[in-house]
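First comes the structure, then the notes that go with it.
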C-alpha cells in the first residue's frame, strides 16, 4: 500500500489535516471548492486506500482529525507523492496512461494490475476509467471489463486514432523519435504543395501515429467507402509521395488504407490563404448549390453571391474543406468559439442556419467549433454590408470657428467615412439650404437656421469617432425608413410592424396553422403575394425556422413589395413546433429585388430579434401582451 499515489484532492485533504488537530467538513469543502457531500466521499476513499497506515476520524463535537497508524509507511507515502511522475499527476496524464496500456499491451490488464502500476488506489482508478468512458463514447470506443479476463479497449482502430489525435496526442506522442531525414522529406513535399504550417503540423501527427501503430502491429485493416473516394485525388497523390519517401528510409511497407489515413488531414485542412494553392482546388457544382441554398435560407437573394464573387468564392472553398472534415470524421477545435458566440451572435445565428442546411442536405451534423469558423465569414459579410450602407459620395461640413478648425473636423471625419467620400467645408455664412441639400450627409458644429433634406448630424470640433459612427448609422436608417424625428428612431420592429401586422394567435391551434392564417390575412391586405405561402413551405422543408428560446422566424421572398414586410404573432400559451416551444412569431417577407440597404436591414432585424431572444424578461413581457399598443410599448422600452 505504500506505493499509492494520491488523487489531487485527496492530497489536499491530507495537507489540511496535518496543519492542526481538528477540522470541520465545511473547512475541507471551502478549501477544495466542493460540497460537504463530496468531502465525505473523498474521506471514505482516503480511508479505504490507507488501511493500516492512517485514517481521518470524526470525533463528535470536535471534528475530523488525522490518525497515523504506521508513521514510517505514512512518511514514505508522502515522500513518494512529492516526487511522483508528472504525467500521472494530472487527470489527462492518468487517462493517457490507461489508454496506452490497454491499446499496446500483449496481455490484458486487471483493475488491480493497472492500479498497482499507476500507484493509485483501486477506487481512484475506477473513477478515472469512468471519466475516460465519457469522452471515449463520443468516438464509439469503450473500456470493457470481464471477470477473470481483465479489461479491453473496444472499437475501431481509426476511431482510436482520432480519439488520441484530438485528446491525448501531446502526452502519448509529444516526444516521438522520428528520424530527421523523414521529417525533412515530409516538410519538403509539404512546402512543394503549399501546405500551410498548421496543415503540416497536423499531417505530421497523423504520420507519427500511423508509423507507431504499424510498427506495433495495429494497422488499419478496413476503410469506409467514403474514404475510398479520396483515391486518385490530388490530396491522395501528395500522401502517396510522402509514403514513398518514408518507405525509402524505413524497412516498412505502408498499405493503401494507411495512405488514405494520412490523406485525411490534407483533404480536411483549413482553407489555405495561398491563392496558388486555391487555384488547384475545384469547387464542385454541389458546393455551389449548397451555398445558394444557405444564402437563401439565411434570407438573401442568391444573386448577392455573384455581386460579391470574390468573398463568396472564399466561402465556397471553406465549405469544400468543411464538408471533407465532416465526411471523414475530422474534428476541428475553435479556440475563439466562446468569443464568437458572445460578440458576433448575429453572424453565429446565420452560421447555425447554414449548419442546419448542411445537415438536411447531407445528413452531417455540423459541430459548434465548425459553426464558429463559418460565423467568421458571415461576420465579414455583415461588416461589408455595413460599409456599403455607410458609403457616401459627398459630405458637407459647416463650421463656425475658422477654416483651421474645419480642417481638423474634416480629418477626423475622413477616418469615420469611406476614404473615397468627398468632404467640402463651409462657413456658417456660406451654408445655405440649396447648397447643403445637394450632399449625401451634412455635419455642423453650429445650429443652422433651416432644415436640410440631407441627413444632418451635429458634432463638436473634437468628437468621439465611435459616437459619430453610430449617429451616421442612425440618420441613414432614419432617411431610408422616412423617420423625421430622431427621437422616434429606436427599433427596426417598431417602424416595420403596423397595427394590421400584429396578430394575437390561437394557442389551441398548431404553429403551422397560425402562420398560414397570418399569411392569408397579409395576402388579402396586400402586403404579401399569393405565392408566398408555397415558397415558405419549400423553405421550411430545407430546415426549421424555429429558433431557440421561444422564437420562430419564418421568412421567404415576397413579390408584392419592394420593401421588407414584417409581421408579429404572439401565442398566449406556448405551442410546440419542431420539438421546441414557441411564444413569438416574426414573419418576414423579403423583397425579390434586394439592394445594399435591404441586405443591411435584414442583418439589423436578425440582430434585434436575437437580442430579444437573449433577454428572458423581455420575452416574458411580450408574451403577456394582448394588443399592438402593449407590444410596441415593451419593444420601445427595451430599446431605450
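The values are calculated or read from the model by the stated rules, or taken from the named source; none is laboratory data. Remember, it's a predicted structure, so these values are computed and weren't measured experimentally. All Cβ positions, glycine included, derive from the backbone under ideal geometry; neighbour counts span all protein chains shown.
Restricting the stretch 250-271 to residues that are buried (at least 18 other Cβ atoms within 10 Å of the Cβ) and assigned to a loop (DSSP other than H, G, I, E, B) leaves a set whose member that is modelled with the highest pLDDT is 254. Taking the stretch 327-340 as the range and being part of a helix (DSSP H, G or I) and either under 17 Å from residue 206 (Cα atoms) or touching a strand residue (DSSP E or B) at 6+ places or on another chain (Cβ under 8 Å) (or both) as the test, only 328 passes. Selection within the stretch 536-551: residues that are in contact with a strand residue (DSSP E or B) (Cβ under 7 Å, 6 or more places away or on another chain) and either part of a helix (DSSP H, G or I) or assigned by TED's automatic domain parsing to the domain that holds residue 356 (or both). The member of this set that is farthest from residue 361 (Cα to Cα) is 536. Is one or more of the residues making up the stretch 617-631 in contact with a strand residue (DSSP E or B) (Cβ under 8 Å, 6 or more places away or on another chain) and assigned to a strand (DSSP E or B)? No, every residue in the stretch 617-631 fails to be in contact with a strand residue (DSSP E or B) (Cβ under 8 Å, 6 or more places away or on another chain) and assigned to a strand (DSSP E or B). Name the residues in the stretch 425-459 that are buried (at least 16 other Cβ atoms within 10 Å of the Cβ) and in a loop (DSSP other than H, G, I, E, B), would you? 431, 439, 440, 445, 448, 452, 454, 455, 459, listed by residue number.
Would you mind stating whether residue 222 is in contact (Cβ under 8 Å) with a residue 12 or more places away in the chain, closer than 26 Å to residue 369 by Cα and not assigned by TED's automatic domain parsing to the domain that holds residue 376? Taking the combined requirement at face value, the residue does not satisfy it. Taken as a whole, the stretch 314-334 holds at least one residue that is within 11 Å of the chain's Cα centre (by Cα) and surrounded by fewer than 17 Cβ atoms within 10 Å (Cβ to Cβ).
When residue 198 is tested against (1) at positive phi; (2) out of contact with any helix residue (DSSP H, G or I) (no Cβ under 9 Å at 6 or more places or on another chain), exactly one condition is not met: (1).
Would it be correct to say that residue 571 is under 29 Å from residue 308 (Cβ atoms) and either outside any strand (DSSP E or B) or in the same structural domain as residue 629 (by TED's automatic domain parsing) (or both)? No, not satisfied.
Examine the stretch 56-71 for a residue that is at positive phi and modelled with pLDDT of 80 or more, and state whether such a residue exists. Within the stretch 56-71, one or more residues are at positive phi and modelled with pLDDT of 80 or more.
Only one entry in 533, 604, 580 is within 30 Å of the chain's Cα centre (by Cα), more than 18 Å from residue 491 (Cβ to Cβ) and not assigned by TED's automatic domain parsing to the domain that holds residue 359, namely 580. Exactly one residue out of 384, 419 is at pLDDT below 85, within 30 Å of residue 606 (Cα to Cα) and assigned by TED's automatic domain parsing to the domain that holds residue 328: that is 384.
Would you check if there is a residue in the stretch 159-181 being outside the structural domain of residue 328 (by TED's automatic domain parsing) and farther than 29 Å from residue 101 by Cα? Yes, the conditions are met somewhere in the stretch 159-181. For the stretch 195-239, a residue qualifies if it is more than 25 Å from residue 175 (Cα to Cα) and in a helix (DSSP H, G or I), and the qualifying residues are 225, 226, 227, 228, 234, 235, 236, 237, 238. The number of residues in the stretch 476-500 that are at pLDDT 55 or above, out of contact with any helix residue (DSSP H, G or I) (no Cβ under 7 Å at 6 or more places or on another chain) and closer than 21 Å to residue 630 by Cβ comes to 5.
Under the condition of being surrounded by 14 or more Cβ atoms within 10 Å (Cβ to Cβ) and either over 23 Å from residue 121 (Cα atoms) or in contact with a helix residue (DSSP H, G or I) (Cβ under 7 Å, 6 or more places away or on another chain) (or both), the residues counted in the stretch 50-63 number 5. For residue 462, the requirement of being surrounded by fewer than 19 Cβ atoms within 10 Å (Cβ to Cβ), closer than 30 Å to residue 630 by Cα, in contact with a helix residue (DSSP H, G or I) (Cβ under 9 Å, 6 or more places away or on another chain) and at pLDDT below 80 is not met.
Candidates are the residues of the stretch 111-139 that are closer than 21 Å to residue 160 by Cβ and outside any helix (DSSP H, G or I); the one that is modelled with the highest pLDDT is 139. When residue 528 is tested against (1) in contact (Cβ under 8 Å) with a residue 60 or more places away in the chain; (2) over 29 Å from residue 381 (Cα atoms); (3) in a loop (DSSP other than H, G, I, E, B), only condition (2) is not met.
Within the set 80, 21, the sole residue that is within 47 Å of the chain's Cα centre (by Cα), surrounded by fewer than 16 Cβ atoms within 10 Å (Cβ to Cβ) and at pLDDT below 85 turns out to be 80. Of the residues 558, 574, which is touching a strand residue (DSSP E or B) at 6+ places or on another chain (Cβ under 6 Å) and surrounded by fewer than 17 Cβ atoms within 10 Å (Cβ to Cβ)? Exactly one of 558, 574 is touching a strand residue (DSSP E or B) at 6+ places or on another chain (Cβ under 6 Å) and surrounded by fewer than 17 Cβ atoms within 10 Å (Cβ to Cβ), namely 574.
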